[in-house]
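What follows is one structure encoded as structure tokens, with my remarks underneath.
The values are calculated or read from the model by the stated rules, or taken from the named source; none is laboratory data. As the structure is a prediction and not an experimental result, all values here were calculated from the model. So basically every Cβ, Gly included, is an ideal-geometry build from the backbone, and we count neighbours across all protein chains shown. Please note that ligands, DNA and RNA were not included when accessible areas were found on the heavy atoms of the full protein model with its side chains. Shrake-Rupley method; radii C 1.70, N 1.55, O 1.52, S 1.80 Å.
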Amino acid sequence: MYVAVKGGEAAIQNAHQLLGDRRRGDRSVPALQLEQIVEQLGLAVDRAMAEGALYDRELAALAIRQSRGDLIEAIFLVRAYRTTLPRFGYSEPLDTAQMLAERRISATFKDLPGGQLLGPTFDYTHRLLDPEMSGDHPVAQGVQRDDETVDEDMPRVTDILGANGMIEPDGEMPEGHVPGDLTREPWTFPMERDLRLQALARGDEGFLLALGYSTQRGYGRTHPFVGEIRIGEVEVELDVPELGGLVSLGSIQVTECQMVNQFAGSATRPPQFTRGYGLVFGQSERKAMSMSLCDRALRTAEFEEDITAPAQDEEFVISHSDNVQSTGFVEHLKLPHYVDFQAELDLIRRMRAEYAQAHGNAEANLAEAAE
């Protein structure tokens, strides 16, 4: 706390009051409602939920409003609130094969069973500012699929490749291995893949995007293809023995990405495609793609590869991917460091005096030698 700042607690209270004033803005403009943020700023809400590790759209919208649109601050608020909630159990693994998909694309096969669904995407927009967006202009209703195609099977691209061994088998937990919980256990390296994926799912999108980009520019041994991206609703189930089995808690929207990568083989593995995996809350396909690129880059030990790039260094990636930790460490520099700085200042003064004395003596010696 800025207790040393002139005014002390009164100054801090005034700063909070000024923040509230700036947050509200011009009183003649209607206040922003949470429903508006949820419905019209959905991708920002999805990011706050994903990196805040809490699936609650209204709380994420509240955090975005409270933070004045600063998403990292909003993520911090969501993460802090999450720590106050009780833990009453662990859900069963999500069965994304049963996803009710509204978007499903593949860059590896044009004609897929179940078809390619473009869904809501910016991919084919012109990236030109639309003046009509400045007002409440009429918007046409979205076009729905025909009932005949809704129930058509959508096998995974990786299952199609796996039918003849062209891609590594889907990962299975070793016998006796219990998935870890990154929020309850201290980090240790090396990490199991399940913990790495948890860290990447909560990681900063921009950081993972930069690392994923680096792997495509030669700083990591990957040559990726988007096997499949799916966005849709999946059911969350909890095993309740008292009730005799699984109970549905509802459905959530997630984005899943399976990245397909080349692999030339090793002494213990044949040449085949390998996988990178990403799964995040909401519609966040850039994050899911970046996560899957980093996941594959971090699997160097499994494939007996050398670590040659930052994206392959597990400790570097995981230790710096969390934007809440990164923000805290960077922004703590704003807090008073008066004592530390005075110590540094005194040290520099002594060093300068010693430097001046040493060079002064050297110049005197040179002058005497010249005479």
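Given the residues 195, 209, 161, which is the only one that is under 20 Å from residue 281 (Cβ atoms), modelled with pLDDT of 85 or more, in the same structural domain as residue 256 (by the TED database) and open to solvent by less than 50 Å² (accessible area, probe 1.4 Å)? So that I can check it myself, show each step before the final result.
On the way: 209 fails: open to solvent by less than 50 Å² (accessible area, probe 1.4 Å); 161 fails: under 20 Å from residue 281 (Cβ atoms).
Sole residue among the options that is under 20 Å from residue 281 (Cβ atoms), modelled with pLDDT of 85 or more, in the same structural domain as residue 256 (by the TED database) and open to solvent by less than 50 Å² (accessible area, probe 1.4 Å): 195.
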message: For region 1-18, which positions are surrounded by 12 or more Cβ atoms within 10 Å (Cβ to Cβ) and either part of a loop (DSSP other than H, G, I, E, B) or modelled with pLDDT of 95 or more (or both)?
response: 2, 5
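Out of 68, 23, 57, 27, I need the residue that is open to solvent by 80 Å² or more (accessible area, probe 1.4 Å) and in contact with a helix residue (DSSP H, G or I) (Cβ under 6 Å, 6 or more places away or on another chain). Which one? Show your work before the answer.
On the way: 23 fails: in contact with a helix residue (DSSP H, G or I) (Cβ under 6 Å, 6 or more places away or on another chain); 57 fails: open to solvent by 80 Å² or more (accessible area, probe 1.4 Å); 27 fails: in contact with a helix residue (DSSP H, G or I) (Cβ under 6 Å, 6 or more places away or on another chain).
Exactly one residue qualifies, and that residue is 68.
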message: Report every pair of residues separated by at least 6 positions or lying on different chains whose Cβ atoms are under 7 Å apart, first residue within region 36-53 and in contact (Cβ under 8 Å) with a residue 12 or more places away in the chain, second hydroxyl-bearing (Ser, Thr, Tyr) and open to solvent by 20 Å² or more (accessible area, probe 1.4 Å).
response: 49/55
message: Would you confirm whether or not region 299-322 contains a residue that is within 17 Å of residue 49 (Cα to Cα) and touching a residue at least 24 places away in the same chain (Cβ under 8 Å)?
response: yes
Single unsatisfied condition, residue 50 versus (1) assigned to a helix (DSSP H, G or I); (2) within 24 Å of residue 158 (Cβ to Cβ); (3) open to solvent by 70 Å² or more (accessible area, probe 1.4 Å): (3)
task: Answer yes if at least one residue in region 182-191 is farther than 24 Å from residue 82 by Cα, in the same structural domain as residue 321 (by the TED database) and free of Cβ contacts under 8 Å to residues at least 60 places away in the same chain, and no otherwise.
output: no
message: When you check residue 80 against the structure, is it of a type in the set (A, V, I, L, M), open to solvent by less than 30 Å² (accessible area, probe 1.4 Å) and within 18 Å of the chain's Cα centre (by Cα), yes or no?
response: no
- request: Determine the pairs where a residue that is at pLDDT below 95 and part of a loop (DSSP other than H, G, I, E, B), located within region 219-231, has a partner that is basic (Lys, Arg) and open to solvent by 20 Å² or more (accessible area, probe 1.4 Å) with Cβ atoms under 7 Å apart, the partner being 6 or more residues away or on another chain.
  value: none
query: Out of all the residues in region 110-119, is one or more out of contact with any His (no Cβ under 8 Å at 6 or more places or on another chain), farther than 29 Å from residue 153 by Cα and open to solvent by 70 Å² or more (accessible area, probe 1.4 Å)?
result: no
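Quick check on residue 185: is it of a type outside the set (Lys, Arg) and at pLDDT 95 or above? Reasoning before the result, please.
On the way: of a type outside the set (Lys, Arg): yes; at pLDDT 95 or above: no.
In short, no.
With respect to residue 170, is the statement that it is assigned to a loop (DSSP other than H, G, I, E, B), within 20 Å of residue 276 (Cβ to Cβ) and modelled with pLDDT under 85 true? Reasoning before the result, please.
Numbers: assigned to a loop (DSSP other than H, G, I, E, B): yes; within 20 Å of residue 276 (Cβ to Cβ): yes; modelled with pLDDT under 85: yes.
Considered against the rule, which asks whether it is assigned to a loop (DSSP other than H, G, I, E, B), within 20 Å of residue 276 (Cβ to Cβ) and modelled with pLDDT under 85, residue 170 comes out as yes.
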